[in-house]
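Single-structure report; data block below.
No value in this document is a laboratory result; all are computed from the given coordinates. Just so we're clear, the structure is a prediction, and the values are computed from it rather than from any experiment. Cβ: placed from backbone, ideal geometry, glycine included. Neighbour counts: every protein chain shown.
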Number of protein chains: 4
Amino acid sequence: MIKAGIIGSTGYAGQEIVRLLLGHKDVEIAWYGSRSYIDKKYYEVYQNMFQLVEASCLDDNMEELSEKVDVIFTATPQGLCGSLVNEEILSKVKIIDLSADFRIKDVKVYEDWYKIKHQSPEYIEEAVYGLCEINREKIKGARLIANPGCYPTCSTLSIYPMMKEGLIDGNTVIIDAKSGTSGAGRGAKLDNLYCEVNENIKAYGVATHRHTPEIEEQLSYAAGYPVCINFTPHLVPMNRGILVTAYASLKKEVSYEEVKAVYDQYYAKERFVRVLDKDVCPQTRWVEGSNFVDVNFKIDPRTNRIIMMGAMDNLVKGAAGQAVQNMNLLFGFEESEGLLMAPVFP
Amino acid sequence: MIKAGIIGSTGYAGQEIVRLLLGHKDVEIAWYGSRSYIDKKYYEVYQNMFQLVEASCLDDNMEELSEKVDVIFTATPQGLCGSLVNEEILSKVKIIDLSADFRIKDVKVYEDWYKIKHQSPEYIEEAVYGLCEINREKIKGARLIANPGCYPTCSTLSIYPMMKEGLIDGNTVIIDAKSGTSGAGRGAKLDNLYCEVNENIKAYGVATHRHTPEIEEQLSYAAGYPVCINFTPHLVPMNRGILVTAYASLKKEVSYEEVKAVYDQYYAKERFVRVLDKDVCPQTRWVEGSNFVDVNFKIDPRTNRIIMMGAMDNLVKGAAGQAVQNMNLLFGFEESEGLLMAPVFP
Amino acid sequence: MIKAGIIGSTGYAGQEIVRLLLGHKDVEIAWYGSRSYIDKKYYEVYQNMFQLVEASCLDDNMEELSEKVDVIFTATPQGLCGSLVNEEILSKVKIIDLSADFRIKDVKVYEDWYKIKHQSPEYIEEAVYGLCEINREKIKGARLIANPGCYPTCSTLSIYPMMKEGLIDGNTVIIDAKSGTSGAGRGAKLDNLYCEVNENIKAYGVATHRHTPEIEEQLSYAAGYPVCINFTPHLVPMNRGILVTAYASLKKEVSYEEVKAVYDQYYAKERFVRVLDKDVCPQTRWVEGSNFVDVNFKIDPRTNRIIMMGAMDNLVKGAAGQAVQNMNLLFGFEESEGLLMAPVFP
Amino acid sequence: MIKAGIIGSTGYAGQEIVRLLLGHKDVEIAWYGSRSYIDKKYYEVYQNMFQLVEASCLDDNMEELSEKVDVIFTATPQGLCGSLVNEEILSKVKIIDLSADFRIKDVKVYEDWYKIKHQSPEYIEEAVYGLCEINREKIKGARLIANPGCYPTCSTLSIYPMMKEGLIDGNTVIIDAKSGTSGAGRGAKLDNLYCEVNENIKAYGVATHRHTPEIEEQLSYAAGYPVCINFTPHLVPMNRGILVTAYASLKKEVSYEEVKAVYDQYYAKERFVRVLDKDVCPQTRWVEGSNFVDVNFKIDPRTNRIIMMGAMDNLVKGAAGQAVQNMNLLFGFEESEGLLMAPVFP
């Protein structure tokens, strides 16, 4: 039994970590960090946790925390984790950072896109990008995990096999993504009000969204050359879920069976990536509440392009679930421990 | 490890039983019954079950089923279970019927409200009404469980303590209930289309809904005299959840503390009924995906009435979850086994 | 052609006044008041008005406004209109106040429920409660209109004929109301975020909602004696719409035909109140975007109660539409001018 | 005053024609055709029309209809209009066909994509594609209008100026489109049930959707060469609205101002196409219930692509509104008559 602390436990992703860890047999939550709700009962912030969590919220003291727990999750805005980590802390505790602070290896790219001065660039190199299906072995030995972004997780997993096998031209990749509203966080902003989101769909951050360089970095590793893409996120009137529809030009003629074999080669043994049957399109409802990513593809011979699709729950595989999966790898638990719940439908 | 069969496994309630049993350590599903989808892979009907359920759907053969399993769930329209049970079957297998066939003790009342001739009235007396918090001991020894309706579960649990203690006048009870759309089932009907339900609220079955006599029967047991009530259900544009707002005249002046003590007396030790803190109103979002019923009340001294409220997930505590809870009681498992997941929010 | 000014034009109700007046042939909007967005283009706040409204937002200067326009709509929080009106202003301009400041005749009741000191109680007596179907003649000659609240409009119109004809016992009235989220306004509050409202229903303000005394006052006028009721509002995951389900004990046995005749007596000639056919329940989707209130009832002989139902669009008949209807009466326009659009479905 | 007949008046698009024509000063609806509801009161099918439409539904008799009305709208499945038109009918009455029967000039392409044998290919040449902003003059003199599909309207208008001016490479166009559920029609299908659509997003018809050749044909006219594109529609949990996000490679370096000038050249004088301000993304909520198409674009110098976006109400500009706009052109009415209502928000 290990102990976990959560900094930022009252955001949507933080709360999802709580939900998942309550069902994890090897972990106990020892610290519910929340600067906004210090001393407030956690269940008063999230009434679903009534009679399940008795603890009150605590401040975000990483020093103290590193003494008391074995793993810290930082589910906080960009910049916070980067400003808190140091050698002493990393020597005592594993850190799984759900922010973008350690995801991008080139600190200049990070600073350009996030408009933040990085406070601890010396740990970027060491940090392991926690996309478990790709970096499983590296994760096991890490001290600091950069938990991937929601869009990058779904985008990368959807495209990875084709890119890695050199079947598509990396610079033709266009990713059109759609996300539920929990991705926008629990901040009280006009744009996230019910009446503003409901009965509406819009693109946002067109050609400027911060997840773009993160996706490009991962796809570039797969391609073996620098890849420059278009990424357009959209806000969908639903609570959870990300759907990625990605387009790329094929570098040679391929059959359905060949491409299916490629996807199976990478994912057939993966518990949390499901390659769907032919012509079955991923849908967010089929993964809701679970750690699955459903992927599939369609070859369009008319345009010589492939359409690659992925669906996942942005709060689970796109945030808290992947964080728990990383934790399981870090501590040698069963990788799927606490993550085996079936998707909830409807 | 016992074996379970589900007749009607491709309705929303049937699928929810599947979801819950997949997380239950003592049960294996041996029969996915579905007359509409015979020989079709279960996961082709419910894509969330891809790679989780390999079985195909089977016909509704209760004879054969009774040889192969230890418990049968019938998640089927009214009349089906009543037409299938017989002494031989009941001697071999436990039956948990999610339809209304065995809920109402007076067969005439059943036939009047349901406009169906009961096919096996001889088993009505024996059947135990599976509202676990009220009938726990009787359930343990039963062969045939009448799993309560969704509205009756939430209504009865919200009102029961006040009625049992004689604090309210039974004939002043008015129940105004609101349900998510999964309660209407998965039938392809115009009224349940997205565009017809979305951005809408309506009452239905006003003064004629079939759950009325079921609620009245349970409240009458609690009151000790025959109770006649108003019950009005409403359809809400959401997938899951039932909210009950019930009104009744107080028979004497009572304080908040006195009433709170009454609720605690009945529910403080109950795992799945949560009496909320003062002035916290039950909300369906806080119980979604879980087996909890959240209840609370408000005394209105101006009108000398009490407003009693309850919220639950209609597919869990209102159907599949309660069915599993009943199964746990029947087989001597931990009552909460397979039902301890925290509510999913948002 | 008259000129109108709107104080609070960037709230949801204020914007709905704009939408309706754009389609009104006798009115021009001369002042878009909005303290929060001074000097900002109106269409930048409400992008639906792009190329339809060129004006920028102005401060809330009622003195200046009274020189420039013929009618002022105050779509503002409680207390503001009361703090601004005076004899000089009222001598120059008609005021239609969408807040509660002048709705309740007993200033003490207002101050008790709203926890506000009334700044101009001397105008309460003069103000006319702008429920057009009930107070049509008085409205025509008024200087100051108290535009009714959304819940009171729907509740009163649903119950009025039964109360006025003495067919129900006023003190048995229980109103269970359900509202879309636009009723909560456009303030950036956590409780109104998409993820908090979506997939949820809850009661709020139980036994304490401020519309209670307003409804009681109107029902008391109808009854001829003081009426004390229960009123419970609920928040529904939809943008627009209010549904009222009201219960009362019948004072004598009545048939469907008798009650229908009573409703027709009051509403058959009313353009905006539609008494539905037998057994057709009001639904909010059938009135969305329009000024209609759909009403109907069901007699329950088992309990000797009548269930009275009403559905309307909270932003139209419940706010801006009724305000325009009042304006039409004040200025001698056709009462339905600008309000004849059919409901938008789906 | 002309008379209109609607074949298929009880589908969502048909009902929207009814709604719009009720607010049109020069048209009277003389025939509510609906094979499914013959002799049923129209308002019983669409309760929003209670007291607004007294007529009953009639059969789809085009012969008889052509004697009685001046214009026929066919809001029917593919194949019906094509099977009904003949010279005699066309000599008596104008036809505005909302199906795809006469949209595609190459009958083989139509038959390949729609899997239907065209019953009257002899009228394809004559039929005018009713995209008013592009084909205004031709429409005025037509007998038979092929009212554009919803996706093609939004896609073509979003991309047209760039294609016509030769600024983009036609064969790099990728259209990722998102639609509300009313686009799926009012048929009682499992896939369109509330619980199946709500809290979900999915692509469908990937690389095979029938609107693809229609879009390609229109874009090819603009380009001056045959264009082959990718088009992927998605189903969004909302009632109304289409959003198009289109990608294309720029043929030369262009500035924001240059592209803005191109869009303004085509649309500045158009009443129903609004080119938004810089960096304002089209959103479906801002056009709901109206005939507007909001368009905008973003240049991405990193990838040398342009992202073109458009939002409209699929039932208005994407179906019934455009049909009415075509009717206005056909009969010499003001083009915007009956279509000037402001968008309804929220």
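Summing Cβ point charges (Lys, Arg +1; Asp, Glu -1) relative to the Cα centre of segment D:28-78 gives a dipole of roughly 260 debye.
With Cα atoms defining each centre, segment B:242-273 and segment C:229-252 are spaced 23 Å apart in the structure. Secondary structure note: in the protein assembly as shown, about 50% of the DSSP beta bridges are antiparallel. For the peptides A:245-252, B:240-247, the ranking by mean Cβ contacts within 10 Å, running from highest to lowest, is B:240-247, A:245-252. Other residues within the sphere of radius under 10 Å centred on the Cβ of C:Lys41, judged by their own Cβ, net out at -3 (K and R +1, D and E -1).
Remark: mean inter-chain Cβ contacts per residue of A:286-298 equal 3, using a 10 Å Cβ-Cβ cutoff to other protein chain atoms. The listed peptides A:13-24, A:258-269, C:197-208, ordered by packing as a protection proxy, come out as A:13-24, C:197-208, A:258-269 (highest mean of other Cβ atoms within 10 Å first). In this Cβ point-charge picture (+1 for Lys and Arg, -1 for Asp and Glu), chain B has a dipole of about 600 debye about its Cα centre. Between copies, the label points at C:Lys68 (set 7 angstrom from Cα along Cα-to-Cβ) are spaced 5.3, 5.9, 7.9 nm, reported in nanometres from shortest to longest. Can you tell me the orientation of helix B:150-164 relative to chain B, as the angle in degrees between its alpha-carbon axis and the longest Cα principal axis, to the nearest 10? Helix B:150-164 sits roughly 40 degrees off the main axis of chain B.
Shielding by partners for C:108-120, please: the mean number of other protein chain Cβ atoms within 10 Å of each residue's Cβ.
Taking all residues of C:108-120 together, the mean is 0.
Counting Lys and Arg as +1 and Asp and Glu as -1 over every other residue whose Cβ lies under 15 Å from the Cβ of C:Thr76, the net charge comes to -2.
To the nearest whole number, what is the average tally of beta carbon atoms from other chains within 10 Å of the beta carbons of peptide C:173-181?
Mean partner shielding for this stretch: 5.
As a test, work out the antiparallel percent of DSSP beta bridges whose residues both lie in segment A:2-126, rounded to the nearest 5. The answer is about 5 percent antiparallel.
Using only DSSP helix segments of four residues or longer, with each worth -39500 (n - 2.57), what per-residue ellipticity at 222 nm results for the protein assembly as shown after dividing by its residue count and rounding to 500?
Helix-only estimate at 222 nm: -8500 deg cm²/dmol.
When you restrict to C-alpha pairs under 8 Å that are six or more residues apart and normalise by the size of segment A:2-126, the relative contact order lands at 23 percent. Average 1/r across all pairs of distinct alpha carbons in segment B:143-257, invert it, and you get the Kirkwood radius: 15.3 Å. Once the Cα atoms are used to define both axes, helix D:211-223 deviates from the longest principal axis of chain D by about 60 degrees. A straight Cα-to-Cα reach below 19 Å connects A:Lys117 with the aspartates and glutamates A:Asp97, A:Asp101, A:Asp106, A:Glu125, A:Glu126, A:Glu214, residues fewer than 8 places away in its own chain not being considered.
Counting charges near C:Asn61 (Lys, Arg +1; Asp, Glu -1) among other residues having Cβ under 13 Å from its Cβ returns a value of -3. When the C-alpha to C-alpha distance is required to be over 22 Å, the pairs from C:Lys3/C:Lys41; C:Lys278/D:Lys40; B:Lys115/C:Lys252; C:Lys164/C:Lys202; B:Lys140/B:Lys178; C:Lys140/C:Lys317 that qualify are B:Lys115/C:Lys252; C:Lys164/C:Lys202; B:Lys140/B:Lys178.
Across the identical copies, the label point of B:Tyr204 (7 Å from Cα in the Cβ direction) is separated from its matches by 2.1, 2.7, 3.4 nm, in order from shortest.
Which whole-number percent is the relative contact order of chain A (Cα, under 8 Å, 6+ apart)? Relative contact order, chain A: 17 percent. Between 0 and 90 degrees, the angle of helix C:12-22 with respect to the longest Cα principal axis of chain C falls at about 70 degrees.
The relative contact order of segment A:151-314, computed from alpha carbon pairs under 8 Å that lie at least 6 residues apart in sequence, is 31 percent.
DSSP beta bridges confined to chain C are antiparallel in about 50 percent of cases. Distance from the axis that maps chain A onto chain D is least for the Cβ of the chain A residue given, with the whole Å value, as A:Asp176, 2.
Amide H contacts for D:Ala142 (H built 1.01 Å from N in the peptide plane; partners 5 or more residues away or on another chain; cut-off under 5 Å): none found. Comment: the Cα-to-Cβ extended label point of D:Gly185, at 7 Å, lies 2.5, 4.5, 4.6 nm from its counterparts in the other copies, nearest first. The calculated pair-distance distribution of chain D uses every alpha carbon pair, bins of 20 angstrom beginning at 0, and gives 32, 59, 9, 0 percent.
Ordering D:120-127, B:290-297, A:337-344 by mean Cβ neighbour count within 10 Å, with the highest value first, yields B:290-297, A:337-344, D:120-127.
Dipole of chain D computed with +1 at Lys/Arg Cβ and -1 at Asp/Glu Cβ about the Cα centre; of D:Pro121, D:Leu52, D:Asn291, farthest Cα towards the positive end is D:Asn291. Computed from the alpha carbon atoms alone, the convex hull of segment A:7-122 holds 106 Å³ per residue.
Amide H contacts of A:Lys41: A:Cys57, each under 5 Å away and 5 or more positions distant or on a separate chain (H built 1.01 Å from N in the peptide plane; Pro and chain starts excluded).
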